[in-house]
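Before any comments, here is the structure.
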Amino acid sequence: MRRTPFAFRTLPLVLFAGFLALPVLAVLAAWLPVGPDGAQAGAILREMAATVLPGYVGTTLWLSVLVALGAAVVGTGAAATVTLFDFPGRRTFEWLLLLPLAMPAYVTAYAYTDFLQFSGPLQVGLRNAFGLEGRLLPEVRSLGGAVWVFIFSLYPYVYLLARTALGERAAHLMEAARLLGAPLPRRIAVVALPLARPAVAAGVALVLMETLADFGVSAYFGIQTFTTGIYKAWLSMDNRLAAAQLATMLLALVLLLLHLEHRAQRRMRFAAGGGRAGSAEAQPQVLRGARRWAAWGVCTVPVVMGFAAPVAFMLRPLAADWSVLPWERFLEWGWHSVRLGGITAALAVAAALALAFGVRRHPDAVTRGVVQLASVGYAVPGAVIVVGLLLPVGWLQAVAPQWGVGGLVTATAFGIVWAYLVRFCAVALQSVQSGYARIPPSLDDSARMLGVGSAGLLARVHWPLLKRSTAAAALLVFVDVMKELPATMVLRPFNSDTLAVVAYQLARDERLGEAALPSLALVAVGLVPVILLSRTLRSRG
């Protein structure tokens, strides 16, 4: 069988990877001292350093530190409780603790604001019941409120990784420590927590990347973070160079976290690679009395605060007055979300299949590097992607305004689907590659010996074995697109509001009762992958 020339098999992958990496490269190129903006770069940076930059840095750091500590405590505590101990309801809590993954953080923020604000039902009820006046609770829209929302929305990242790490060997080693006479607090501190430390670090890194990428919570609560600063610089001040500089700083923080997360993942695999000999005989310790109640509390509080309470708060307008809900527009918003999600999912799966198949057939350094380049966008916040897409548009409009490039990116579905692919193509690629890992290479060798070409190998051998992986990839991309907010707000076509955008706009206009319907729809969509993930974890257990 004649081999395909290197240039012909690699050039399409290189072009597509460049297409996905262009926004990141454009943000970095904005710092180059060329063009009309190059001479102003230093002056703009000094001006920001003297005015808004210290506030962005300080707020972002405080938010990150507090969220990291809270998510680590909540996630690790819940994981240790359901893994190391046995109590009534433990199996139920194992999947209940995953439910906050279905709640976008900005939806949780709307729900808590509606219930806890000065004019909300809780404070109004307390004032009426006890004859009180004034504000009775701290302001929800604050840094503390954002920390609360992020902790109980994102702790499942830590919970999932810590639970996996503790499930490897912790029960067996805890039992050995008990036989040696170590009390329970010492067994947890000396045995369990060191085993879970790399997994907790990896989970915290993921939590921080989601926190830094957030726009909905920070903008709604009025917190001056890097993400809100990027949008303010671009949309309010019309200063694309300042937006690019802020985007670069945010990108540097995310890349640092990504590096730390990869290091933690390597340490986690090393720590878990020592075998599981004897773990089948070791059982979680049975809790009784006060310890059982404490375990219930550790598991119940995150589920209530991260899922049950926000859902109940959003259901209240449905039960009180159905007439305030925008039923007549709901189907239109839902259709726009589903259409964009379906288009992006199909394109992302097709691209993932092409990239994964390229690595499968030609696992050389160039092909692997191309795939890594195509995956870089997943770690990039939506605000950075928006700036990276609009910067080249601005340059082309300045050079050739007659081409009308701006309308192609911001007035059609092309620009927003491009941003989605940059952000979520790596999600599909990871799922497809995991499917390829279960296909033995001997099948490829047998097909080649029978004279099957590349197209036949993919269609007749790989595809039947990859159907489940590609379906999972399409589902994950679809759900991520449905919930995506920052890029959608800026790049969506005219009269094409999605559920996420409408929920944010209604909440921003203090129409929180009307925001409940699109918010609940997003939660319902987000439940699908959470249910599938829960079933997968239970089948492995």
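The values are calculated or read from the model by the stated rules, or taken from the named source; none is laboratory data. Bear in mind that the values here come from a model prediction, so they are computed numbers and not experimental data. For neighbour counting, all protein chains shown are included, and Cβ atoms are generated from backbone atoms with ideal geometry for every residue, glycine included.
Points worth noting:
- Those helices (runs of 4 or more DSSP H) lying entirely in the range 339-456 with at least 2 residues under 30 Å from MET249 (Cα atoms): 365-374, 382-399, 405-410, 413-437
- When each of PRO5, PRO23 is tested for being assigned by TED's automatic domain parsing to the domain that holds TRP418 and at pLDDT 85 or above, the lone residue that passes is PRO23.
- Just one of the listed residues (SER454, SER434) is at pLDDT below 85, within 25 Å of LEU161 (Cβ to Cβ) and among the hydroxyl-bearing types (Ser, Thr, Tyr), namely SER434.
- The conditions of being assigned to a helix (DSSP H, G or I), modelled with pLDDT of 85 or more, exposed (fewer than 14 other Cβ atoms within 10 Å of the Cβ) and within 24 Å of the chain's Cα centre (by Cα) are not met by ALA472.
- All positions within the range 112-136 that are loosely packed, with under 13 Cβ neighbours inside 10 Å and part of a helix (DSSP H, G or I): GLY125, ASN128, ALA129, PHE130
- The residues of the range 295-313 that are β-branched (Val, Ile, Thr) and either surrounded by 23 or more Cβ atoms within 10 Å (Cβ to Cβ) or within 16 Å of TRP148 (Cβ to Cβ) (or both), listed by number, are VAL301, VAL303, VAL304.
- Any hit, the range 45-56, residues being more than 18 Å from PHE215 (Cα to Cα), at pLDDT 85 or above, β-branched (Val, Ile, Thr) and surrounded by fewer than 16 Cβ atoms within 10 Å (Cβ to Cβ): yes
- Residue in the range 108-127 that is touching a residue at least 24 places away in the same chain (Cβ under 8 Å) and farther than 24 Å from ALA521 by Cα present: no
- Within the range 327-356, the set of residues being buried (at least 19 other Cβ atoms within 10 Å of the Cβ) and of a type in the set (Phe, Trp, Tyr) comprises just one member, TRP333.
- Pairing each residue of the range 379-395 that is under 13 Å from MET489 (Cα atoms) with any residue that is not β-branched (Val, Ile, Thr) and not in a helix (DSSP H, G or I), provided the two are 6+ apart or on different chains, yields C-beta distances under 8 Å for GLY382/PHE215; GLY382/GLU484; GLY382/LEU485; ALA383/PHE215.
- Single condition GLY369 does not satisfy, out of (1) more than 23 Å from ALA30 (Cβ to Cβ); (2) buried (at least 16 other Cβ atoms within 10 Å of the Cβ): (2)
- Evaluating VAL140 against the criteria (1) assigned to a helix (DSSP H, G or I); (2) crowded, with 19+ Cβ neighbours inside 10 Å leaves one unmet condition, (1).
- Checking GLY89 against (1) at positive phi; (2) buried (at least 24 other Cβ atoms within 10 Å of the Cβ), the condition it does not meet: (2)
- Considering the range 498-516, and only residues there that are modelled with pLDDT under 90 and outside any helix (DSSP H, G or I), the residue that is farthest from ALA219 (Cα to Cα) turns out to be ARG511.
- Selected residue (only one of VAL461, VAL528, VAL523, VAL479 is touching a residue at least 12 places away in the same chain (Cβ under 8 Å), surrounded by fewer than 19 Cβ atoms within 10 Å (Cβ to Cβ), among the β-branched types (Val, Ile, Thr) and under 18 Å from LEU99 (Cα atoms)): VAL528
- Some residue of the range 254-268 being closer than 20 Å to LEU390 by Cβ and at pLDDT 75 or above: yes
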